[in-house]
1. Provide a single number: the residues in region 70-106 that are in contact with an Asp or Glu (Cβ under 7 Å, 6 or more places away or on another chain) and of a type in the set (Val, Ile, Thr).
2. Which of the following residues is closer than 19 Å to residue 140 by Cβ, under 16 Å from the mean Cα position of the chain (by Cα) and open to solvent by 60 Å² or more (accessible area, probe 1.4 Å): 45, 35, 96?
3. Find all pairs meeting these conditions: Cβ atoms under 8 angstrom apart; at least six residues apart or on different chains; first residue within region 81-108 and closer than 16 Å to residue 129 by Cα; second residue open to solvent by 60 Å² or more (accessible area, probe 1.4 Å).
4. Criterion first (part of a strand (DSSP E or B) and under 14 Å from the mean Cα position of the chain (by Cα)) does residue 51 satisfy it?
5. Any residue that is modelled with pLDDT under 55, open to solvent by less than 80 Å² (accessible area, probe 1.4 Å) and in contact with a Ser or Thr (Cβ under 9 Å, 6 or more places away or on another chain) - is there at least one of those in region 9-19?
6. For region 48-93, which positions are acidic (Asp, Glu) and open to solvent by less than 40 Å² (accessible area, probe 1.4 Å)?
7. Taking the options 122, 151, name whichever one is at pLDDT below 95, part of a helix (DSSP H, G or I) and not acidic (Asp, Glu).
8. Here are some conditions: (1) surrounded by fewer than 17 Cβ atoms within 10 Å (Cβ to Cβ); (2) in a strand (DSSP E or B). Residue 139 meets all but one. Which one does it not meet?
Amino acid sequence: MKSALPRLLLAALLCAPVMADTAPGHAMMGGMATRAVSTYLSQERSLADAVVTGKQDAVRKMLDDDFSYRDQDSLDALDADTWAKAATAAGWHDMRVGRLVVEEYGDVDVVSFVLDAHRGKGGSRHDVDYVVDVWQTAGAKLLSRHVMHAGQHKGLPPGPDTRE
C-alpha cells in the first residue's frame, strides 16, 4: 500500500493560495510563486514605478481604454486619463507592492495586494491601501482598480442611491 503523504502534500499545494511578500529579503508566504504571481508582480511594480516617477504616458499605456478607478471616497469612477494624471501628480515618494494574490478567470485575472506608499517631502505621509486590480489577460491591460484606504474608511455612502 502506497503512502498517502505525497498525495496530501500535492493537494495542499494546489489548494493553498499563493501570495508574494515583495519586501527585499523576505521569503515567499504560502508557497512558491506561480508564473501568474511573478507576471503580475512585475506589472504592478512597473505601474507603481511609473506613478512614482511621474511618467503619465507610461501609466496610461498600461491602462485599458475603458479603465475605471474606484475607492471608498466617491461613488464616481475615474477614467484612464483622469486617474493617470492624478496618480502621477500626487507626489508619491515610494510605493511597494506586497502580499500579492492572483485569481485566474480565463480572459481576466483578479490581482489583489497591499500597496505601501509614501508621499510628501521625504515620504512624510504613509498610506497603506488594499488594492484589487482586474487585468485583461490578452494584451496585459489593466481594466479596473478598486482601492480601500486602510484606516481611512468612512463607511458606506448614505441612502438608497448607492450604485451597483
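1. 2
2. Within the list 45, 35, 96, the selection yields 45.
3. Close Cβ pairs satisfying both conditions: 93/122; 95/49; 97/45; 99/29; 101/17.
4. It is false that residue 51 is part of a strand (DSSP E or B) and under 14 Å from the mean Cα position of the chain (by Cα).
5. There is at least one residue in region 9-19 that is modelled with pLDDT under 55, open to solvent by less than 80 Å² (accessible area, probe 1.4 Å) and in contact with a Ser or Thr (Cβ under 9 Å, 6 or more places away or on another chain).
6. Matches in region 48-93: 64, 71.
7. 122
8. (2)
The values are calculated or read from the model by the stated rules, or taken from the named source; none is laboratory data. Keep in mind that what you see is a predicted model, and the values were worked out from it rather than measured. All Cβ positions, glycine included, derive from the backbone under ideal geometry; neighbour counts span all protein chains shown. We work out accessible area using only protein heavy atoms, side chains counted, and drop any ligands, DNA or RNA first. Shrake-Rupley method; radii C 1.70, N 1.55, O 1.52, S 1.80 Å.
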